[in-house]
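Some notes on the structure that comes next.
Throughout, read-outs are computed from the coordinates displayed, never taken from laboratory work. As the structure is a computational prediction, the values presented were derived from the model and not from experiment. A quick note on method: Cβ atoms are made from the backbone with ideal geometry, for glycine too, and the neighbour counts reach across all protein chains shown.
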Amino acid sequence: GSTPITGPHIAYTEAVSDTQIMLKWTYIPSSNNNTPIQGFYIYYRPTDSDNDSDYKRDVVEGSKQWHMIGHLQPETSYDIKMQCFNEGGESEFSNVMICETK
């Protein structure tokens, strides 16, 4: 199978508590690559971190277009980005959203 090319687009993030951020996204497959996807990877880390290894990853299977990130630190700003994936690999990264917990 071929890898998905186009990444998702994060449309909306909101801190719903001091440890949780809700995000919603859209995914429009590129017209020249209708490879089915298996789900999405959501990466997040504190904004003040410069270390790529600090990214944690949540996996969302299927075609859901929202997710609640939990177990976060209160009053902390997070960088959030996404990819979609299938058995062939991962897409490009989405836009990056910055959201602060309460």
(request) Determine ³J(HN,Hα), in whole Hz, for all residues of segment 79-95 in sequence, where each value follows from phi through the Karplus function 6.51 cos²θ - 1.76 cosθ + 1.60 and θ = phi - 60°; x replaces Gly and Pro. (result) 8, 10, 9, 9, 9, 9, 9, 8, 5, x, x, 10, 7, 4, 6, 6, 4
(request) Note down the magnitude of the dipole of the chain about its Cα centre, charges +1 on Lys and Arg C-beta and -1 on Asp and Glu C-beta and zero elsewhere, to the nearest 20 debye. (result) 340 debye
(request) Within 10 Å of each residue's Cβ, count the other Cβ atoms and sort Trp25, Trp66 from fewest upward. (result) Trp66, Trp25
(message) Starting from 0.36 nm per residue, how many nanometres of slack lie between Glu75 and Ile98 once their C-alpha separation is accounted for?
(response) 7.0 nm
(message) Relative to 2.2 N^0.38 Å, what does the C-alpha radius of gyration of the chain come to as a ratio? Two decimals please.
(response) 1.07
(request) Would you work out which of Ile28, Ala11, Asn51 lies farthest towards the positive end of the dipole of the chain, given +1 charges on the beta-carbon of Lys and Arg and -1 on that of Asp and Glu, about the Cα centre? (result) Ile28
(request) Note down the nm distance, to one decimal, between modelled labels 7 Å out along Cα→Cβ at Val59 and at Ser31. (result) 3.4 nm
